[in-house]
């Protein structure tokens with residue numbers, strides 16, 4: 001091991017980011033992982049590169065590119081995904097821009113591992129991703145479940161254009177349809193086996209306390225009223241009619257989880273657990289959505 005190897009470069013970068021007080025919540029949760037992601041991009045390696053790569057010597061050209069990227073991350077507090085113009089989700093790479101949130105939902109784990117026991121794979125034929133942003137959830141679902149046709153919905157024209165580009169790059173135009181829609185309003189005639197949603201859920205009062213990195217993201221993708229449930233209440237009501245009889249809604253509400261429990265206090269909501277981290281994701285079947293719709 002020498003002073004110009006990858007391990008030394010990554011450790012030094014992680015120390016600088018920690019000293020600068022950066023926040024890590026846009027694809028990584030710590031400085032060391034973020035430094036590795038940065039290095040993998042500069043050196044054109046997979047983000048999960050093998051341990052032996054740390055012994056690799058880094059030449060001056062790559063080192064200078066890495067240093068410029070590191071300096072930009074520290075100076076601007078811009079999430080690394082925006083600096084790179086790309087992010088990884090469910091093992092796949094996606095184009096991203098400041099028009100969409102950085103992909104980071106724990107829903108990736110469900111997509112990779114499946115939705116058993118709530119929805120057997122053979123019953124998953126039609127799905128919808130509400131608030132698709134970059135299209136990562138819809139595309140990952142179609143990639144991991146080759147039988148599924150997915151509608152990817154968003155209200156933002158800029159997000160839809162980016163999602164379309166990602167769909168084309170992943171060769172899934174025949175099975176992923178990108179639609180402009182306010183929640184499920186434009187597909188009210190459709191019935192789905194699975195509704196996935198990562199809608200805005202940050203309460204208004206929490207916005208001011210978010211780290212600077214979040215200010216680079218579109219506010220309309222984060223904030224959702226006084227308790228964070230403005231869109232979720234509407235979505236649950238729409239899902240009551242949008243699901244097949246065996247269908248399920250899986251929705252991320254993050255810090256609004258307590259507010260959702262208060263709203264649906266008498267409804268048996270299933271809160272999902274994740275082996276690789278993440279919480280605040282609930283599941284309701286069609287009957288549960290119908291009962292909840294009466295409280296919306």
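FYI, it's all coordinate maths here, none of it is from the lab. Worth saying up front: this structure is predicted, and the values here are computed from it rather than measured. When we count neighbours, we look across all protein chains shown, and the Cβ atoms used for this are built from the backbone with ideal geometry, even at glycine.
Largest GNM mean-square fluctuation among 91, 247, 27, using the chain with Cα springs under 10 Å: 91.
Using only Cα atoms, find the angle between the long axis of helix 31-42 and the longest principal axis of the chain, and express it within 0 to 90 degrees, rounded to the nearest 10. Between helix and principal axis, roughly 80 degrees.
For the chain, the longest principal axis of the alpha carbon atoms and the long axis of helix 157-169 meet at an angle near 70°. Within the listed set 262, 234, 180, the Gaussian network model of the chain (springs between alpha-carbon atoms below 10 Å) gives the highest mean-square fluctuation for 262. Report the antiparallel proportion of the DSSP beta bridges in the chain as a percent, rounded to a multiple of 5. Antiparallel: roughly 40 percent of the beta bridges in the chain.
For the pair residue 63 and residue 32, label points projected 7 Å from Cα toward Cβ lie 2.3 nm apart. The angle between the Cα long axis of helix 230-242 and the main principal axis of the chain comes to about 60°, on a 0 to 90 degree scale. A Förster distance of 25 Å, applied to the separation of the beta-carbon atoms of residue 265 and residue 205, puts the FRET efficiency at 0.70. Annotation: extensible slack from residue 20 through residue 165 equals 48.7 nm (criterion: 0.36 nm per residue apart, minus Cα-Cα distance). Under 11 Å from the 7 Å Cα→Cβ point of residue 189, by amide nitrogen: which residues of segment 231-254? The answer is none, because no backbone nitrogen lies closer than 11 Å to the label point. Compared with the direct C-alpha span, the chain from residue 53 to residue 126 gains 22.1 nm at full extension, assuming 0.36 nm per residue.
Could you work out [θ]222 nm for the chain from helices alone, using -39500 (n - 2.57) per DSSP H run of at least four and dividing by all its residues? Round to the nearest 500 deg cm²/dmol.
Using -39500 (n - 2.57) per qualifying helix, the result is -11000 deg cm²/dmol.
Each residue, residue 290 and residue 71, gets one label point 7 Å from its Cα in the Cβ direction; the gap between the two is 6.3 nm.
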